[in-house]
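Novice: First the structure, then my questions, so here it is.
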Amino acid sequence: MKIVLFEVPKEEQQVFSQLFDNLEVSFLEDKLDENNTEKAKDADVICVFINSKINKKVIDALPNLKFIATRSTGFNHIDCEYAEIKGIKISYVPAYGSHTVAEFTFGLILNLSRNIEKANNYIRKSSNFNYFPEMEGFDLNGKILGVIGTGKIGKNVLKIAKSFSMNVIAYDLYPDLVFAKENNFEYKSLEDVVRQSDIITLHVPYNKENHHLINKGNISLMKKGVYLINTARGELVDTDALVWGLKEGIIAGAGLDVLEGERELKDEIEILSSTPRLMRIEEYKTLLEDHVLMDMPNVTITPHIAFYTREAVAEILKTTILNIKGFLSNSMINLVK
Ligand code: NAI
């Protein structure tokens, strides 16, 4: 049984290897994609994180593959339908970071509402302790937070919002009416949430059906001066429309831990210097627009770190090891269905 683990930082490799004593296990810091499948060519099991892209070509290049363990909650980086056709099982980590990501979401909200990053940058550059009108913020107390997706993370965001005395409205394909009653908020249609919120925050998984859930059509319905927070997945937001909304002043600011095209952003030098072109023209456009966002003073971008605390990393390791051991002992858990 050969197991190959990708995207494992050196310090985590030791922890993992102690737990797979009698097995043939190899570790790579690289991500797995169609350009380096030879690194896993005999693998029965692969273990990946979000920067790997497990598409048809990768699956076809790994003939022995029986099990994929992703160390993430989201699994949109894996072609799950094709894996199922090929009889390959996939496990994920359902609940390592629901407090972790919710806390980070509020970090982004407070950073925007109180201009913390802006003020700190100013102090660093000028060593001047005066304050200016651009640093004036706004209270969260009494503002309307629109939570899109009230699963594990969305629910924790909602509870934090309540502790700030915010008014919460929410949209979910499957509303939890008991939770709504207990926490005194209302579910509304996506359109109403988008129209009424002062701050909108996304907490739904990404899939083909909700590609560009936030788009020019619904950005044009938003209140002028709304803030958008995305700690879920970049592809939920049409980047072109977001840049438009910010330039038009409809969206006053955005806090983005995830970006459409973030995988390509990490490899952009390699991509730009390669011939033939590796990406479609729209993907180049998104990459450019990501840079436009990075330059905007009212946009805070972080490199997909909402999950990244020592507690969450420990939980990811623990659950992933259980997932792989479950496969090895024929009692699989946390399977993607
Ligand atoms: P969850 O599965 O507990 O909740 C998702 C909720 O979204 C469910 O209530 C579901 O009914 C709802 N939903 C699904 N599709 C929808 C749609 N099209 N429209 C409206 N509602 C929809 O997931 P959880 O744990 O709350 O995580 C949410 C997402 O957060 C993950 O799928 C992942 O993409 C992202 N995430 C990001 C992290 C980061 O580091 N930035 C870390 C962990 C998760």
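The values are calculated or read from the model by the stated rules, or taken from the named source; none is laboratory data. What you see is a predicted model; the values in this text were computed from it and never measured. Positions of Cβ are backbone-derived with ideal geometry, glycine not excepted, and every protein chain shown enters the neighbour counts. For the accessible areas, the whole protein counts, side chains as well, though only heavy atoms, and no ligand, DNA or RNA atoms are used. Shrake-Rupley method; radii C 1.70, N 1.55, O 1.52, S 1.80 Å.
Novice: Given the rule -39500 (n - 2.57) for each run of at least 4 DSSP H residues, summed and divided by the residues of the chain, what is its mean residue ellipticity at 222 nm, to the nearest 500 deg cm²/dmol?
Specialist: -11000 deg cm²/dmol
Novice: Starting from the Cα of Arg280, step 7 Å toward the Cβ, then list every residue of region 202-234 with an amide N under 14 Å from that point.
Specialist: 208, 211-212
Novice: For Glu11, project a label point 7 Å along Cα to C-beta. Then give me every residue of region 316-336 with its amide nitrogen under 18 Å of that point.
Specialist: Under cut-off, by backbone N: 316-318.
Novice: Still on this structure, I have one more. Given a Förster distance of 30 Å, report the FRET efficiency between Lys224 and Asn121 from their Cβ-Cβ distance, rounded to the nearest 0.05. Let's see the in-between values first.
Specialist: Numbers: r = 26 Å, r/R0 = 0.87.
With a Förster radius of 30 Å, E is 0.70.
Novice: If you plug each phi of region 89-98 into the Karplus form 6.51 cos²θ - 1.76 cosθ + 1.60 with θ = phi - 60°, what whole-Hz ³J(HN,Hα) values come out, in order, with x for Gly and Pro?
Specialist: So the J values, rounded to whole Hz, are 8, 10, 10, 9, 10, x, 8, 7, x, 6.
Novice: Using a 1.4 angstrom probe and counting only protein chains, how large is the accessible area of Glu134 in Å², to 10?
Specialist: Accessible surface of Glu134 is approximately 120 Å².
Novice: Enumerate the calculated ³J(HN,Hα) couplings along region 125-133 in order (Karplus 6.51 cos²θ - 1.76 cosθ + 1.60, θ = phi - 60°), each rounded to whole Hz, writing x wherever the residue is Gly or Pro.
Specialist: Whole-Hz 3J(HN,Hα) from phi for region 125-133: 6, 10, 6, 10, 9, 7, 10, 10, x.
Novice: So, one more: If the elastic network links every pair of Cα atoms under 10 Å, which of Gly253, Gly151, Gly217 fluctuates the most in the Gaussian network model of the chain?
Specialist: Among Gly253, Gly151, Gly217, the largest GNM mean-square fluctuation belongs to Gly217.
Novice: Taking 7 Å along the Cα-to-C-beta vector as the label spot, tell me the Leu272-Phe129 distance in nanometres, rounded to one decimal.
Specialist: The two pseudo-label positions are separated by 4.2 nm.
Novice: Taking the Cβ of Phe164 as the center, what net charge do the other residues with Cβ under 11 Å away carry, scoring Lys and Arg +1 and Asp and Glu -1? Don't skip to the answer; put the middle values down first.
Specialist: Details: positive: Lys143, Lys159, Lys162; negative: Asp139.
Charge balance near Phe164 sits at +2.
Novice: Extension gain Met296-Asn330, at 0.36 nm per residue separation less the Cα-Cα distance, in nm?
Specialist: 7.1 nm
Novice: Explain nothing, just the number: dipole magnitude of region 98-301 about its Cα centre with +1 on each Lys and Arg Cβ and -1 on each Asp and Glu Cβ, in debye rounded to the nearest 20.
Specialist: 500 debye
Novice: Under a point spin-label approximation (7 Å from Cα along Cα-to-Cβ), what is the Lys2-Glu311 distance to one decimal in nm?
Specialist: Here the modelled spin labels are 4.0 nm apart.
Novice: Which of Leu19, Leu287, Leu242 moves most in a GNM of the chain, Cα contacts under 10 Å?
Specialist: Leu19
Novice: Still on this structure, please answer the following. Would you mind calculating the gained length between Phe20 and Tyr174 on full extension (0.36 nm times residue separation, minus the Cα-Cα distance), in nm to one decimal?
Specialist: 51.5 nm
Novice: So, one more: When only C-alpha pairs under 8 Å and at least 6 residues apart count, what is the relative contact order of the chain, in percent?
Specialist: Once divided by the residue count of the chain, the mean separation gives 14 percent.
Novice: Quick one: how many Å² of Met294 are accessible to a 1.4 Å probe, rounded to 10?
Specialist: 90 Å²
Novice: Below 8 Å, C-alpha to C-alpha, sequence gap of six or more: please give me the relative contact order for region 230-337 in percent. Provide the component values of the computation, followed by the final result.
Specialist: Details: 86 pairs, mean separation 30.1, N = 108.
Relative contact order comes out at 28 percent.
Novice: Quick one: 3J(HN,Hα) in Hz for region 205-215, Karplus 6.51/-1.76/1.60 with θ = phi - 60°, rounded, Gly and Pro as x.
Specialist: Per-residue couplings from phi come out as x, 8, 8, 4, 5, 10, 4, 6, 3, 9, 9 Hz.
Novice: Another question about this same structure. Amide H of Gly255 versus every other amide H placed in the peptide plane: which residues, excluding those fewer than 5 positions away on the same chain, fall under 5 Å?
Specialist: Leu228, Ile229, Asn230, Thr300
Novice: Another question, then. So with the 1.4 Å probe, I'd like the accessible area per residue for region 98-301, rounded to whole Å².
Specialist: 53 Å²
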